[in-house]
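Colleague: This is the structure I want to talk about, given as structure tokens.
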Amino acid sequence: MSTRDTFYITTPIYYVNDVPHIGHAYTTVAADVLSRYWRLRGRDVFFLTGLDEHGQKVQQAAAKAGIEPQAHCDRLAPQFTNLWDRLNISHNAFIRTSDKPHQSVVQRYLQQLFDKQLIYKADYTGWYCTYDERFWTEKDVVGGLCPDCKRPIEQLSEHNYFFKMGQYQERLIEHIRQHQDFIRPDSRRNEVLGFLQTQKLGDLSISRPKSRLSWGIELPFDKDYVTYVWFDALVNYISALEYLPQGQPAGLRYWPADVHLVGKDILTTHAVYWSTMLMALEQPLPKTIFAHGWWTVDGEKMSKSRGNVVDPNRMVDQFGTDAFRYFLLREVPFGQDGDFSHSALVTTVNAKLANGIGNLLSRTLTMIERSCAGVIPERGPAVLPELEHRIEELAKQLPGRTESGFDALLFRDVLLTIEELNGLCDEYIDKSAPWKLAKQPEAQPQLHTVLNTSARALRLLALLLYPFMPNAAAQMIQQLGLSLDLSRPLAADAGHWNAPLAGSTIQKGASLFPRIESKPQGAKSVSETPASPQPTAAAPAASPSPAPATTAAPAPATTQPAQITIDDFMKVQLKAAKVLAAERVPKSEKLLKLQVSLGTEQRQIVAGIGKKYEPEALVGKTIVIVANLKPAKLMGIESQGMVLAAGDSEVRGLATFVEDVEPGTKVK
Ligand code: MSP
């Protein structure tokens with residue numbers, strides 16, 4: 001944990017006239033997850049979000065609606081505040097740039113800079129984009145179009161006020177060089193450094209003549225101008241601290257911010273404009289500006305004109321708040337671009353939540369209810385010592401691994417580690433078969449070990465999952481019959497594997513994550529479909545179904561598979577194959593590239609089992625492959641066969657053998 005006990009995190013302030021979409025939800029949920037984690041760890045968190053309300057677009061929209069801009073903003077603001085309620089966002093403050101105290105701070109800062117002669121008036125002629133409300137230089141403009149929004153732009157000449165941003169260029173480069181964490185991820189840091197080292201940083205126009213725009217903060221030293229929206233908006237991160245922390249002494253005790261979360265498109269305004277403004281105002285710079293990636297939708301850019309804007313409200317309606325939050329941070333490594341698809345969301349909810357955590361909770365509690373009168377039993381003797389040891393080891397490492405994950409904003413990694421514990425527990429229950437132990441009176445102590453171990457893991461999982469899924473975590477704690485208030489800092493030993501648990505009376509409740517039935521046809525999306533589908537092997541009804549990445553679209557649930565003759569079946573050549581090496585296919589969550597031995601020959605097989613298995617776990621295993629399948633390419637990689645696995649929309653288990661079988665042996 002960092003040495004300061006405060007943690008100040010911000011989201012961008014969103015344009016009030018935007019319709020909230022998945023991008024807004026993404027940043028805000030990420031900020032919420034971090035806030036909840038650090039609060040749980042006892043830090044004094046200040047989480048700020050809000051709205052950017054000034055500017056030409058708002059003025060125009062208000063004029064169109066025939067109302068004052070302020071009334072227009074007041075009408076639109078609830079779109080965001082309501083969504084944050086629905087997404088269970090625990091911000092400490094909500095700023096609106098039309099707030100009077102914010103306006104006063106902006107004016108005070110402008111006056112300070114003006115008095116220090118860091119703001120000057122000059123003529124400016126340039127290419128102006130009305131839509132983006134910004135000037136472009138000659139070399140940026142191609143074919144009379146704005147390089148950003150591609151709309152026509154016009155040449156404009158006017159007096160304006162400029163902030164002497166250019167003079168901070170060297171200091172900023174030095175700051176970025178010396179503070180590895182200042183801009184993250186590293187790729188973005190290098191981009192900003194590259195830009196600063198190769199281009200001359202100009203001064204920043206921070207005013208707009210009222211003749212052109214009146215909806216803004218008036219310059220304190222010239223009533224004919226309002227403040228440029230970005231100068232006004234960026235100041236929110238500090239002005240909020242002066243008037244919004246409730247019950248706190250006023251002042252800047254949270255400053256500098258620990259993390260400004262922003263999308264990649266607004267990194268320059270933060271890393272360059274805001275940093276140099278702070279230098280001029282003699283304020284410390286934020287510790288980290290983290291730029292996350294953008295979501296596309298089914299592989300396409302999200303836009304109103306395409307009609308593919310993902311409405312977070314609909315996602316909450318369909319999947320629930322917790323599941324949507326989980327998906328947002330599980331699907332893509334934070335910092336990289338990601339693709340949203342309805343089917344990817346369904347797959348995650350089903351595989352990770354319904355079949356994962358939800359199933360572990362429900363099967364554990366059902367057995368405790370049936371076999372132990374609803375009371376979590378004490379541990380008995382070891383049942384599967386090796387697995388129990390692995391579970392305990394992982395559980396002990398988890399709080400530390402989680403903390404490093406949160407320090408680095410690696411949300412996905414944190415979730416994968418959590419899933420690893422979930423997976424180990426599933427394996428443990430499958431192998432120890434407590435339902436069989438329950439039928440043997442002499443095996444009660446063993447049964448107790450299994451149920452106690454599983455309940456302990458669930459308790460830990462609830463604590464770890466809380467920042468991501470606050471409601472589900474609270475329900476898990478409640479169903480386990482524990483009294484832990486997750487909205488308060490946890491005691492230092494709360495995350496310990498051996499924290500007391502036995503004796504608690506469970507309260508089994510409704511299933512946490514009901515399985516979502518996906519549409520059987522027409523619901524496929526990029527993430528569900530292999531890069532180039534392979535033909536499906538005909539398999540007998542009783543055999544395990546092939547792994548999804550190598551199957552064609554499933555038939556509708558109501559259709560019975562056509563019957564085949566024994567001759568048909570005999571055309572399929574199944575063989576035992578030993579996995580010699582396995583690795584992930586880059587950029588694919590599902591695909592693994594396997595090198596397998598068939599005794600006399602070696603094959604390469606690409607299989608869609610990467611969500612279920614880590615590649616290392618497969619090396620040395622003897623599996624079943626379809627050996628006479630026509631080779632096909634999956635994401636450009638040749639696959640010479642197909643592995644057999646159980647499962648429908650997701651892999652449940654690989655087909656393998658009870659005995660040691662020589663690679664290459666025929667399977668019938
Ligand atoms: N008002 C400015 C920010 C001022 S902060 C002092 C602004 N607002 S915005 O509403 O247009 O965008 C807010 C955020 O949404 C940005 O961080 C942007 O990156 C993010 N996103 C917009 N579309 C997005 C996706 N398709 N995917 C992920 N985030 C995206 O900019």
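Colleague: Do we find that S90 is farther than 26 Å from S205 by Cα and out of contact with any His (no Cβ under 8 Å at 6 or more places or on another chain) in this structure?
Modeller: yes
Colleague: Counting only residues that are more than 17 Å from G338 (Cβ to Cβ) and either touching a Leu at 6+ places or on another chain (Cβ under 7 Å) or part of a helix (DSSP H, G or I) (or both), how many does segment 313-323 have? Step through it out loud before you land on a result.
Modeller: First pass over segment 313-323, keeping only residues more than 17 Å from G338 (Cβ to Cβ): 313-314, 316-318, 320-322.
Narrowing further to those that are either touching a Leu at 6+ places or on another chain (Cβ under 7 Å) or part of a helix (DSSP H, G or I) (or both): 313-314, 316-318, 321-322.
Qualifying residue count, segment 313-323: 7.
Colleague: What pairs come out if I take residues in segment 260-284 that are under 13 Å from Y109 (Cα atoms) and pair them with residues that are near the ligand (Cβ under 9 Å from one of its atoms) and of a type in the set (F, W, Y) whose C-beta lies under 8 Å away, six or more apart or interchain?
Modeller: W274/Y237
Colleague: Another question about this same structure. With L285, L267, L261 as the choices, which residue is assigned to a helix (DSSP H, G or I), surrounded by 18 or more Cβ atoms within 10 Å (Cβ to Cβ) and either away from the ligand (no atom under 13 Å from the Cβ) or not polar (S, T, N, Q) (or both)?
Modeller: None of the other options fit; the residue is L267.
Colleague: Can you find a residue that is among the aliphatic types (A, V, I, L, M) and either touching an Asp or Glu at 6+ places or on another chain (Cβ under 6 Å) or at pLDDT 95 or above (or both) anywhere in segment 145-166?
Modeller: Within segment 145-166, one or more residues are among the aliphatic types (A, V, I, L, M) and either touching an Asp or Glu at 6+ places or on another chain (Cβ under 6 Å) or at pLDDT 95 or above (or both).
Colleague: I've got another one for you. Quick one: is T97 within 13 Å of the ligand (Cβ to nearest atom), hydroxyl-bearing (S, T, Y) and in contact with a Ser or Thr (Cβ under 8 Å, 6 or more places away or on another chain)?
Modeller: Numbers: within 13 Å of the ligand (Cβ to nearest atom): yes; hydroxyl-bearing (S, T, Y): yes; in contact with a Ser or Thr (Cβ under 8 Å, 6 or more places away or on another chain): no.
In short, no.
Colleague: Next question, about the same structure. Kindly list the number of the only condition in (1) of a type outside the set (K, R); (2) away from the ligand (no atom under 16 Å from the Cβ); (3) within 30 Å of Q167 (Cβ to Cβ) that fails for V45.
Modeller: Tallying (1) of a type outside the set (K, R); (2) away from the ligand (no atom under 16 Å from the Cβ); (3) within 30 Å of Q167 (Cβ to Cβ), V45 fails exactly one: (3).
Colleague: Scan segment 192-248 residue by residue and report those that are over 18 Å from N160 (Cβ atoms), within 16 Å of the ligand (Cβ to nearest atom) and of a type in the set (S, T, Y).
Modeller: Y237, S239
Colleague: Of all residues in segment 226-282, how many are among the small types (G, A, S) and under 14 Å from F46 (Cβ atoms)? Steps first, please.
Modeller: Going residue by residue through segment 226-282, those that are among the small types (G, A, S) are 233, 239-240, 247, 250-251, 257, 263, 271, 275, 280.
Adding the requirement that they be under 14 Å from F46 (Cβ atoms) leaves 239-240, 247, 250-251, 257.
Adding up the residues that qualify gives 6.
Colleague: Let me ask you something else. Restricting to segment 172-202, give me the number of residues that are surrounded by fewer than 19 Cβ atoms within 10 Å (Cβ to Cβ) and of a type in the set (D, E, K, R).
Modeller: Within segment 172-202, residues that are surrounded by fewer than 19 Cβ atoms within 10 Å (Cβ to Cβ) and of a type in the set (D, E, K, R) number 6.
Colleague: To continue, here is another question. What pairs come out if I take residues in segment 500-511 that are in contact (Cβ under 8 Å) with a residue 40 or more places away in the chain and pair them with residues that are of a type in the set (D, E, K, R) whose C-beta lies under 7 Å away, six or more apart or interchain?
Modeller: L501/R456; L501/R459; A502/E378; I506/E369; K508/E369
Colleague: Residue pairs, Cβ under 9 Å, 6 or more apart or interchain, first in segment 287-306 and within 17 Å of H342 (Cβ to Cβ), second more than 11 Å from the ligand (Cβ to nearest atom) and among the hydroxyl-bearing types (S, T, Y). List them.
Modeller: Close Cβ pairs (under 9 Å, with a partner that is more than 11 Å from the ligand (Cβ to nearest atom) and among the hydroxyl-bearing types (S, T, Y)) amount to V297/S341; D298/S341; D298/S525; D298/S527; G299/S341; G299/S525.
Colleague: Then there is this: Would you list the helices (runs of 4 or more DSSP H) that sit entirely within segment 366-464 and hold 2 or more residues that are β-branched (V, I, T)?
Modeller: Where helices (runs of 4 or more DSSP H) fall fully within segment 366-464 and carry at least 2 residues being β-branched (V, I, T), they are 385-407, 411-432.
Colleague: Does I238 qualify as being touching a His at 6+ places or on another chain (Cβ under 6 Å) and of a type in the set (V, I, T)?
Modeller: Criteria not met by I238.
Table: residues versus (1) under 26 Å from T269 (Cα atoms); (2) of a type in the set (D, E, K, R); (3) away from the ligand (no atom under 11 Å from the Cβ); (4) part of a helix (DSSP H, G or I).
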{"site": "T11", "(1), (2), (3), (4)": "yes, no, no, no"}
{"site": "V19", "(1), (2), (3), (4)": "yes, no, no, no"}
{"site": "W38", "(1), (2), (3), (4)": "no, no, yes, yes"}
{"site": "L51", "(1), (2), (3), (4)": "yes, no, no, no"}
{"site": "C73", "(1), (2), (3), (4)": "yes, no, yes, yes"}
{"site": "A77", "(1), (2), (3), (4)": "yes, no, yes, yes"}
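Colleague: Within segment 231-258, can you find the residues that are among the aromatic types (F, W, Y) and either surrounded by 22 or more Cβ atoms within 10 Å (Cβ to Cβ) or in contact with a Cys (Cβ under 6 Å, 6 or more places away or on another chain) (or both)?
Modeller: F231, Y237, Y254
Colleague: Looking at L34 and the list (1) of a type in the set (A, V, I, L, M, F, W, C); (2) in contact with a strand residue (DSSP E or B) (Cβ under 7 Å, 6 or more places away or on another chain); (3) away from the ligand (no atom under 16 Å from the Cβ), which single condition is not satisfied?
Modeller: (3)
Colleague: Any residue at all in segment 151-168 that is exposed (fewer than 12 other Cβ atoms within 10 Å of the Cβ), touching a residue at least 40 places away in the same chain (Cβ under 8 Å) and of a type outside the set (V, I, T)?
Modeller: No - not one qualifying residue is present in segment 151-168.
Colleague: Going through segment 447-488 one residue at a time, which ones are modelled with pLDDT under 95 and surrounded by fewer than 17 Cβ atoms within 10 Å (Cβ to Cβ)?
Modeller: S483, D485, S487, R488 - these are the residues of segment 447-488 that are modelled with pLDDT under 95 and surrounded by fewer than 17 Cβ atoms within 10 Å (Cβ to Cβ).
Colleague: Here is a check on your reading of the model: is P520 surrounded by 14 or more Cβ atoms within 10 Å (Cβ to Cβ), modelled with pLDDT under 90 and in a loop (DSSP other than H, G, I, E, B)?
Modeller: yes
Colleague: For segment 329-336, check the following and say yes or no: at least one residue is of a type in the set (A, V, I, L, M, F, W, C), at pLDDT 95 or above, part of a helix (DSSP H, G or I) and under 18 Å from the mean Cα position of the chain (by Cα).
Modeller: Yes, the conditions are met somewhere in segment 329-336.
Colleague: Also: In segment 316-348, which residues are crowded, with 19+ Cβ neighbours inside 10 Å, farther than 22 Å from K264 by Cβ and either without any contact (Cβ under 8 Å) to a residue 24 or more places away in the chain or out of contact with any Pro (no Cβ under 8 Å at 6 or more places or on another chain) (or both)?
Modeller: V316, F319, G320, T321, A323, Y326, H342, L345, V346, T347, T348
Colleague: Being surrounded by fewer than 16 Cβ atoms within 10 Å (Cβ to Cβ), within 17 Å of E158 (Cβ to Cβ), modelled with pLDDT under 95 and not polar (S, T, N, Q) is the requirement here; does R208 meet it?
Modeller: No, not satisfied.
Colleague: Another question about this same structure. What are the residues in segment 29-77 that are under 22 Å from the mean Cα position of the chain (by Cα) and among the basic types (K, R), if any?
Modeller: The answer is R36, R39, R41.
Colleague: Would it be correct to say that A25 is within 12 Å of the ligand (Cβ to nearest atom), assigned to a helix (DSSP H, G or I) and touching a helix residue (DSSP H, G or I) at 6+ places or on another chain (Cβ under 6 Å)?
Modeller: So A25 passes the test.
To keep it simple, each residue is scored yes or no on (1) buried (at least 19 other Cβ atoms within 10 Å of the Cβ); (2) among the basic types (K, R); (3) within 14 Å of L458 (Cα to Cα).
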residue	(1), (2), (3)
I368	yes, no, yes
P385	no, no, no
S404	no, no, no
A408	no, no, no
K431	no, yes, no
L437	yes, no, no
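Colleague: Search segment 288-312 for residues being more than 9 Å from the ligand (Cβ to nearest atom) and outside any loop (DSSP other than H, G, I, E, B), and hand back the single one that is modelled with the lowest pLDDT.
Modeller: Checked segment 288-312; the qualifying residue modelled with the lowest pLDDT is E300.
Colleague: Anything in segment 644-662 that is under 18 Å from K352 (Cβ atoms) and not in a strand (DSSP E or B)? List them, or say none.
Modeller: D648, S649, E650
The values are calculated or read from the model by the stated rules, or taken from the named source; none is laboratory data. Just so we're clear, the structure is a prediction, and the values are computed from it rather than from any experiment. FYI the Cβ positions are ideal-geometry reconstructions off the backbone, even for glycines, and counts take in every protein chain you see.
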